[in-house]
Amino acid sequence: MLDPLHRIVKEVNAASDLQEVLQIIVQQVKQTIEVDVCSVYLTDFERRSHVLMATDGLRLEAVGKVSLPYHRGLIGLVCERAEPVNVADAPSHNRYLFANETGETQYKGFLGVPIIQNPKVLGVLVVRQIEMRTFADNEVTFLFTLAAQLAGAITHAQASGQLVTSEETAPPKRFLQGRPGSPGVAFGTTVVVYPPADLDAVPDKKVQDPDVEEEEFRTAVAAVIQDLMALEDRFEDSLPAEDRALFDAWLMMLGSDSLIGDTVQRIHQGHWAPGALRQTIEEHAKVFDAMEDVYLRERASDVRDLGRRILMHLQQSVESQVEYPQGTILVGDEVSAMQLAEVPKDRLAGIVSARGASFSHVAILARALDIPAVMGMSDLPVTRMDDRFIILDGYVGRVYVSPAPSVLQEYRRLAEEDRELSEELQVNKGLPCETTDGVGVPLYLNTGLVSEMNTTGIEESAGVGLYRTELPFMVRDSFPGESVQVANYRKVLRTLHPRPVIIRTLDIGGDKPLPYFPVEEQNPFLGWRGIRISLDHPEIFLTQVRAMLRAAIGLNNLRLLLPMISNVDEVDDALALIQRAHDELTEEGYDVSMPKIGVMIEVPAAVYQVEGLARRVDFLSVGTNDLTQYLLAVDRNNTHVADIYSDLHPAVLRALIQIVAGAKTYHREVSVCGEMAGNPATAVLLLGMGVESLSMNSGSLLRVKWVIRSVSKARAKALLQAALRCERASEVKALLVNALDDMGLGGLIRAGR
Ligand code: PEP
Ligand code: MG
């Protein structure tokens, strides 16, 4: 049963619309488990009925017309229970309902499985048999797996407006749900970005001039033919003729009219070449996938490989043509920092990523740039999302595709309120950041690109609390040399002088790979990252530290921060290397001085050894993003577990209290530079704990300042005490939202006032 399942899943993935998916499923299921009927019913929630959407075995004229009552019949029972119903003799069941309109006879065997998406039952996949039949366990799980596929396809179809079960106008509140990435509301036109040479990721686009498109396509094919012939020549002496026949087979495919002809035909139907190619390749590969013969089935991967090669050449010719309209909303399976950097800043209105979560680095970058973003939108039909008008709500992680006029109107109103609120925020500009009872809380800036440091950030901050050096490393194609780095760091140090600037040494690995320093690992977050790479590559570390020390000559506002520390040896070794860099530079005649040095507390081990670490350095900076990830064992980028990633978890709050106490033992300054510091609600809790300063993206500075200026230290402490009585993150969150609403500051954490 595994083989047909794989085949069907592949076919379903390649289908171009929901109707095709439904058709594939009903036909293949009927054939595979040898039943008399296979049908799909989808629930129409407004009309409270289950509509027959596809069938193989019942009357085709009934499709789309017949609907069964919501709470009655065996279909209703499957929906109610959200569990399979497997009955050998359906007519004798007390919930049996005979549906004459579908042309059914009295089928006895009945198996219905619910189609579920995020606890909602969307419909039922059902098989029927004239004779009595109890379906076996493997048949039930077979249907289960396909129902899960169907659920994804249905959600895509609903989101893109392909599927409207009710005949009324489109439901006004249709949206896709993801994770909040960066606050704010955006309206705009989507531009799908995708990794190069990834055929599956190519989006559908309409073409302006099919003749030009055809020419580009044919040029790409000619280039692949050239490549293959050159390869074949190269292997002439080393490969036996029968193995080299593979090249001939490929060349034959490229010469044949079907692959090329089909693509050209699609181009002339209005598709751009990469999209037409993707569809053709999938169609052809599917034919091979469906073959029982293992050898022939393998040919599917040859077809896909050829497709990728053609795409590579096509992309070389179209790459420069990517146009970002005003109000671009960048959409992708996994939007990367580099793709984001390619869009002119004044054109970028929002970001939607199918993968990643609120604490992924792209989300952090979006917050730094003050661009609304939604992450982890796993139901997003990425390839069908190009050039669509969408509304994005970054506060709650929602996207409305082709929204109804009423939704658009409502969001325009909320966006206007947001704009008014930002104007009100300006009132606090230049005022001291202190509580109503006079406790000063310096707010620092998190940054990583000088270009992202706007005037508010520069004017409002007490300095830079976290300069992430990996960003300038990521946008290059090799490690930057010492003098390039000196120039980079000096720019920040000079801009903020005489305020302090905390520069963190390279924190690559985890979700921050460098394209030119690939690290392939099973568990990247538990692997080679941060200080571990730096200590294993002292040449990279020393170059960086030397650059920092040189950049600070005459300015003396540098502080240095070590990431991912999990034991004291790492600190001792890093300190020794920093001292060495200092001494070497002095010997070379540079007038460098030793900066203050701090460690990041972002691994549970560091929490439990906080005194030992504090004793060795000048200050501590808490990375709550990673600390939450490691304390709760929840990957900060993983959409599936995003619901249980929360920096308000009671364990995180207690860890923070322990860190502050440990730092105080040695009179060390402790600040927080994770996203928790930039959230107006959580910032209050940190204040209550005795955290001395907070570091955040520039977009958060005035928001956090507002809340700090509206609260007393005593109230913050009382709120913390109340939070510590909660056993769940959700209770802490509710407590904080209430407190902000009480202060009239609820608008800081949602769309509108
Ligand atoms: C953190 O982990 O909280 C942190 C500030 O570092 P980064 O987000 O860069 O991992
Ligand atoms: Mg971190």
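The values are calculated or read from the model by the stated rules, or taken from the named source; none is laboratory data. As the structure is a prediction and not an experimental result, all values here were calculated from the model. Here the Cβ positions follow ideal geometry from the backbone for every residue, glycine too, while neighbour counts run over all protein chains shown. Heads up: the accessible areas ignore ligands, DNA and RNA and are worked out on the full protein's heavy atoms, side chains in. Shrake-Rupley method; radii C 1.70, N 1.55, O 1.52, S 1.80 Å.
Listed values, structure above:
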{"read-out": "All positions within the range 361-375 that are at pLDDT below 90 and open to solvent by less than 10 Å² (accessible area, probe 1.4 Å)", "value": "A363, I364, A366, A368"}
{"read-out": "The range 205-239, residues that are open to solvent by 60 Å² or more (accessible area, probe 1.4 Å) and at pLDDT below 75", "value": "R234, F235, E236, D237, S238"}
{"read-out": "Only one of A677, A574 that is more than 16 Å from ligand 1 (Cβ to nearest atom), assigned by TED's automatic domain parsing to the domain that holds K512, crowded, with 24+ Cβ neighbours inside 10 Å and of a type in the set (A, V, I, L, M)", "value": "A574"}
{"read-out": "Those strands (runs of 3 or more DSSP E) lying entirely in the range 5-69 with at least 2 residues modelled with pLDDT of 90 or more", "value": "37-44, 49-56"}
{"read-out": "Looking only at the range 614-649, and only at residues there that are of a type in the set (D, E, K, R) and at pLDDT 95 or above, the one that is nearest to ligand 2 (Cβ to nearest atom)", "value": "D626"}
{"read-out": "Filter pass, K512 being closer than 30 Å to R703 by Cβ, basic (K, R) and more than 16 Å from ligand 1 (Cβ to nearest atom)", "value": "no"}
{"read-out": "Qualifying residue in the range 386-395 (condition: touching a residue at least 40 places away in the same chain (Cβ under 8 Å), within 24 Å of P196 (Cβ to Cβ) and of a type in the set (D, E))", "value": "yes"}
{"read-out": "Pair list, Cβ < 6 Å and 6+ apart or interchain, from the range 237-261 residues that are within 12 Å of V224 (Cα to Cα) to residues that are modelled with pLDDT under 80 and assigned to a helix (DSSP H, G or I)", "value": "F247/E232"}
{"read-out": "Candidates R355, R398, R419, filtered to the one that is under 30 Å from L745 (Cα atoms), open to solvent by 30 Å² or more (accessible area, probe 1.4 Å), more than 16 Å from ligand 1 (Cβ to nearest atom) and in contact with a strand residue (DSSP E or B) (Cβ under 8 Å, 6 or more places away or on another chain)", "value": "R398"}
{"read-out": "In the range 599-623, the residues that are within 16 Å of ligand 1 (Cβ to nearest atom) and surrounded by fewer than 24 Cβ atoms within 10 Å (Cβ to Cβ)", "value": "V603, P604, A605, V607, F619"}
{"read-out": "Residue within the range 258-267 that is modelled with pLDDT under 85 and not aliphatic (A, V, I, L, M) present", "value": "yes"}
{"read-out": "Listing of helices (runs of 4 or more DSSP H) fully contained in the range 650-741 that carry 1 or more residues being under 26 Å from the mean Cα position of the chain (by Cα) and within 16 Å of ligand 2 (Cβ to nearest atom)", "value": "650-665"}
{"read-out": "Helices (runs of 4 or more DSSP H) contained in the range 424-531 and holding at least 2 residues surrounded by 13 or more Cβ atoms within 10 Å (Cβ to Cβ), within 16 Å of ligand 2 (Cβ to nearest atom) and assigned by TED's automatic domain parsing to the domain that holds Q629", "value": "470-474"}
{"read-out": "When residues of the range 630-649 are limited to those that are assigned to a helix (DSSP H, G or I) and closer than 21 Å to P680 by Cα, the one farthest from ligand 1 (Cβ to nearest atom)", "value": "D643"}
{"read-out": "In the range 180-231, the residues that are in contact with a Phe, Trp or Tyr (Cβ under 7 Å, 6 or more places away or on another chain) and part of a helix (DSSP H, G or I)", "value": "A201, E213, L228, L231"}
